[in-house]
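K.L.:
Just dropping this structure here.
The values are calculated or read from the model by the stated rules, or taken from the named source; none is laboratory data. Here the structure is a predicted model, which is why all the values come from computation and not from measurement. All Cβ positions, even for glycine, are placed from backbone atoms using ideal geometry, and neighbour counts span all protein chains on display. Quick note on the areas: whole protein, heavy atoms, side chains included, nothing else; ligands and nucleic acids left out. Shrake-Rupley method; radii C 1.70, N 1.55, O 1.52, S 1.80 Å.
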Amino acid sequence: MDFALNEEQRMFLTMFGDFATKEVAPQAEEADHQEDLYEDVLRKAAEQGFLGATLPDAYDGAELDHVSYVLLLETLARESASVAVALAAHVSLVAMSILEHGSDEQKETWLPAMSAGEVIGALALTEPDAGSDSAALQTRATPDGDEVVLDGVKTWVTNGEIAGLFLIVAQGPDGADAFLVPRDTPGLIVGYREPTLGLRSVAFNTLYLEKCRVAQTARLGGAGEGFVVAQPAWDRFAVAMAATGLGLAAASVDLAAQFAAERVQFGVPIAQKQAIQQYMAEAFVQVEGLRYPVYRAAWLIDQGKDVDVPASAAKHLGAGIARGVTNRMLQVMGGYGYMEDYPMARKYRDARMLGVVGGSTEMHAHRIACEVFAGQDIEIAP
Amino acid sequence: MDFTFAPEHVALRRMIREFAQAEVVPLAMEIDREHRVPQETMRKLGEMGLLGVCFPQEYGGMGAGEIGYCILMEELGRVCTSTTTNVGAHIGIGAMVIYLDGNEEQKKRYLTPLARGEKIAAFGLTEPNAGSDAAAIRTRAVREGDSWILDGGKVFITNGGYADIITVMAVTDPALGARGGVTAFIVETDWEGFQVAREEDKMGIRGTSTAELVFEELRVPQENVLGKVGEGFVSFMKSLDMGRLTLGAACLGGAQASLEWAVRWAGTRKQFGAELAHKQSIQWMIANVATEVEALRSLVYRVGWMVDMGQPFTQLAAMCKLYGSEVASRAVDTALQIHGGLGLSRDFPLELAFRDARIAEIFEGTNEVQRIVIASNIFRERGVRIRP
């Protein structure tokens, strides 16, 4: 096993860090307070090739391996989890789905524009009654000649507000179908943007589909293969959310360590107090413990392997560690950790979102449990 | 042992619950969005006598004791942490220190209007260099004739932006430090030299005032010295102890409410063909929270009883605050998780409760300070003196 980043990855890491420090950090706090969608940051990210991070050069992508892409997400998340989430929804959920399952025409139509950041992607899967039970879709895809009519409501559509392209999963006659639907299609209405606890610079929208007509050729993948498209997308996004949690947690440790080294109470910096040292040590261990599952999952993707359970494991761990570490590091900062003038409160709120965004911890646990019992000839029901 | 509440306490609880539903619930999300103190709630609580719930009737209070005060905080804590914070700073630390250490004249002049809710109190201790290390305060009070001149400032003062009366701790003898060198002063906020410098922008309890105060040649008459010169620290610590118990009661209310939210949703929301309540992971979460809430309830009301019986309670009050704040955090976190996406939305009151709950592990003495207090008390009995 080689745990080292190669030379190229090390170079990328520096480049990602520079971008995060220069372009993301200065805006992060204000963007969160204003619930701004970082459109100019995304534009600059596109100029760096980040919006086509893992796409091939043929589609103007940066051709990053998945490990490098995940390094990018972790690095961005250190400064702003929102930027990482918006980027991951675009790349992991939509762009890579088109790359994996699209016809040549679909790839040519969409991928260069997505690499350039001209079109932002959004996956529409969740519904009011299909949250954890994502298969209980009520949005219908009804064939009508050489068109399909989409009807239904989608919620929690990440990037909805700024997306030019929606990847919509609906119930067709042969099972779930996935469709690529441009924003300006009649009958597609981008609705309410959810005000959220954290990730306040990501747009989560409700999407209405009212007799929305698309060509049969808008379908991505085969008939009834909506989840053949959506499940791997979801797995990639789970890895991305774990990487986001890793960045959040790691950055919060650094923030708190700096505070503890400077804050003098009872005559010494609080870093000299054993309880604080315990907190910092535990946090450090947890961050380190998260690193391997995240990067192993990314590596598996690069090997062309299935990442279903490794992705769930990384996400399950990542959400919990992001939550626990940001919580503890906020405590180290005391009253200052609670003030929105300092970055910790935002990291705390952002981290809490990861327990649900990208699949609830409970759903990932279910899938992991299925794996644990897989060799025992027993089928686990959710 | 009799674990039942007295009839007057049962009646008090019912009255406050009705008030909370009618007057506090409708404002909870609005005050968070608008970042404002619900003055109307404080006024109504005052009119009902609740801002003096634990003070004797001779000083304008309701005479319901510490148990009565716990009940008030618990019932308000079910619905709005900003309100319990405003009330707690007023009764539990602001007015309380005047009740504990004021002379008769001070109680008539200050405690009575505070108990009646005609004026609002705050407690001025914390400074930029004196958070957990409260003894490190630097605000200075220098004797000049029959007055004291205060110079310095305070930060993170709850109610600081709108209180009428603030009990301020200042250094009267720098050489002596906390033991003998600190004095408590009753300050009226409309006096020359008192200024509210700014309000903090907080993650939660946004329906409260958390103010930075500046004192510039603030003249305080001698008769406003609270307790004895040099003994301010002792007064304040006693008051903080009582505040810790009732903060525990507020956390109990919050935790109970979180549990009720979780149970309601788990009994309603269907996924995979059945209510979430049928899923063992959900059942385990709820059973764990419910057990902790019961344990907290027993702790809080037992300590409230001890206070009313005149028994020592410093260590147990610290436990109420420590355990209460952590139980409340776990309870609201669980409720949030059970609600999935809904729990993360600002259109629904849970994420507000989540942001609000977090402060309880930090203010009124961080949970680290509480652990130091508890451990110190334990080891002092064995003759080992622990330093923070």
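K.L.:
Please state which one of A:Val309, A:Val325 is open to solvent by less than 10 Å² (accessible area, probe 1.4 Å), more than 14 Å from every other protein chain (Cβ to nearest Cβ) and either touching an Asp or Glu at 6+ places or on another chain (Cβ under 6 Å) or modelled with pLDDT of 95 or more (or both).
P.N.:
A:Val325
K.L.:
Please count how many residues of the stretch B:307-325 are assigned to a helix (DSSP H, G or I) and either within 17 Å of B:Met237 (Cβ to Cβ) or open to solvent by 20 Å² or more (accessible area, probe 1.4 Å) (or both).
P.N.:
Pass one, the stretch B:307-325, residues assigned to a helix (DSSP H, G or I): B:307-308, B:314-325.
Still in the list and also either within 17 Å of B:Met237 (Cβ to Cβ) or open to solvent by 20 Å² or more (accessible area, probe 1.4 Å) (or both): B:307-308, B:314-323.
Total meeting the criteria: 12.
K.L.:
Can you list residue pairs whose Cβ atoms sit under 7 Å apart, with the first residue in the stretch A:251-276 being closer than 16 Å to A:Asn327 by Cβ and the second being of a type in the set (Gly, Ala, Ser) and crowded, with 18+ Cβ neighbours inside 10 Å? Count only pairs 6 or more apart in sequence or on different chains.
P.N.:
A:Val253/A:Ala283; A:Ala260/A:Ala271; A:Ile276/A:Ala260
K.L.:
Then there's this: State whether one or more residues within the stretch B:134-152 are open to solvent by less than 40 Å² (accessible area, probe 1.4 Å), out of contact with any strand residue (DSSP E or B) (no Cβ under 9 Å at 6 or more places or on another chain), within 14 Å of another protein chain (Cβ to nearest Cβ) and touching a residue at least 60 places away in the same chain (Cβ under 8 Å).
P.N.:
No, because not a single residue in the stretch B:134-152 is open to solvent by less than 40 Å² (accessible area, probe 1.4 Å), out of contact with any strand residue (DSSP E or B) (no Cβ under 9 Å at 6 or more places or on another chain), within 14 Å of another protein chain (Cβ to nearest Cβ) and touching a residue at least 60 places away in the same chain (Cβ under 8 Å).
K.L.:
Which residue out of B:Ala328, B:Ala375 is at pLDDT 95 or above, assigned by TED's automatic domain parsing to the domain that holds B:Ala257, open to solvent by less than 40 Å² (accessible area, probe 1.4 Å) and over 30 Å from A:Ser132 (Cα atoms)?
P.N.:
B:Ala375
K.L.:
Then there's this: B:Phe215: open to solvent by 20 Å² or more (accessible area, probe 1.4 Å) and in contact with a Phe, Trp or Tyr (Cβ under 7 Å, 6 or more places away or on another chain), yes or no?
P.N.:
no
K.L.:
Among the residues that make up the stretch B:133-140, is at least one of them more than 30 Å from A:Val268 (Cβ to Cβ) and hydrophobic (A, V, I, L, M, F, W, C)? Steps first, please.
P.N.:
Taking the stretch B:133-140 first, the residues more than 30 Å from A:Val268 (Cβ to Cβ) are none.
For the stretch B:133-140, residues more than 30 Å from A:Val268 (Cβ to Cβ) and hydrophobic (A, V, I, L, M, F, W, C): absent.
K.L.:
When only residues in the stretch A:343-369 that are without any contact (Cβ under 8 Å) to a residue 60 or more places away in the chain and open to solvent by 10 Å² or more (accessible area, probe 1.4 Å) count, which is nearest to the chain's Cα centre (by Cα)?
P.N.:
A:Val356
K.L.:
Which members of the stretch B:343-388 meet the condition of being away from chain A (no Cβ under 11 Å), over 22 Å from A:Gly335 (Cβ atoms) and touching a residue at least 60 places away in the same chain (Cβ under 8 Å)?
P.N.:
B:Pro349, B:Asn377, B:Ile378
K.L.:
Looking at (1) over 20 Å from A:Tyr336 (Cα atoms); (2) outside any strand (DSSP E or B); (3) in contact with a helix residue (DSSP H, G or I) (Cβ under 8 Å, 6 or more places away or on another chain), find the lone condition where B:Ala122 falls short.
P.N.:
(2)
K.L.:
If you don't mind, there's one more thing I want to ask. Could you identify the single residue in A:Leu167, A:Leu188, A:Leu150 that is touching a Leu at 6+ places or on another chain (Cβ under 9 Å), over 30 Å from B:Leu276 (Cβ atoms) and more than 14 Å from chain B (Cβ to nearest Cβ)?
P.N.:
Criteria check complete, one pass: A:Leu188.
K.L.:
Against the conditions (1) open to solvent by 30 Å² or more (accessible area, probe 1.4 Å); (2) outside any helix (DSSP H, G or I); (3) without any contact (Cβ under 8 Å) to a residue 60 or more places away in the chain, where does A:Leu5 fall short? Just the number, please.
P.N.:
(3)
K.L.:
Go through the stretch B:16-48 residue by residue and tally those that are open to solvent by 40 Å² or more (accessible area, probe 1.4 Å), in contact (Cβ under 8 Å) with a residue 12 or more places away in the chain and farther than 19 Å from B:Thr208 by Cβ.
P.N.:
Count: 4.
K.L.:
Among the residues of the stretch A:213-235, how many are out of contact with any Phe, Trp or Tyr (no Cβ under 9 Å at 6 or more places or on another chain) and either assigned to a strand (DSSP E or B) or hydroxyl-bearing (Ser, Thr, Tyr) (or both)?
P.N.:
Residues that pass the stated criteria total 3.
K.L.:
Can we say B:Ala249 is crowded, with 24+ Cβ neighbours inside 10 Å and either out of contact with any Phe, Trp or Tyr (no Cβ under 7 Å at 6 or more places or on another chain) or free of Cβ contacts under 8 Å to residues at least 24 places away in the same chain (or both)?
P.N.:
Answer is yes for this residue.
K.L.:
Moving to a separate point now. Could you please give the count of residues in the stretch B:175-207 that are out of contact with any helix residue (DSSP H, G or I) (no Cβ under 9 Å at 6 or more places or on another chain), of a type outside the set (A, V, I, L, M) and free of Cβ contacts under 8 Å to residues at least 40 places away in the same chain?
P.N.:
8
K.L.:
Just to be sure I understand, how many residues within the stretch A:247-276 are assigned to a helix (DSSP H, G or I) and out of contact with any helix residue (DSSP H, G or I) (no Cβ under 7 Å at 6 or more places or on another chain)?
P.N.:
5
K.L.:
Assuming B:Ala130 fulfils every condition listed in (1) within 14 Å of chain A (Cβ to nearest Cβ); (2) under 15 Å from B:Ile186 (Cβ atoms) apart from one, which condition is it?
P.N.:
Unmet for B:Ala130, out of (1) within 14 Å of chain A (Cβ to nearest Cβ); (2) under 15 Å from B:Ile186 (Cβ atoms): (2).
K.L.:
Report whether or not B:Ala262 is open to solvent by less than 10 Å² (accessible area, probe 1.4 Å), within 18 Å of B:Thr83 (Cβ to Cβ) and assigned to a helix (DSSP H, G or I).
P.N.:
Taking the combined requirement at face value, the residue does not satisfy it.
K.L.:
Is there a residue being open to solvent by 50 Å² or more (accessible area, probe 1.4 Å) and either modelled with pLDDT under 95 or over 20 Å from B:Ala353 (Cα atoms) (or both) anywhere in the stretch B:87-100?
P.N.:
Yes: the stretch B:87-100 contains one or more residues that are open to solvent by 50 Å² or more (accessible area, probe 1.4 Å) and either modelled with pLDDT under 95 or over 20 Å from B:Ala353 (Cα atoms) (or both).
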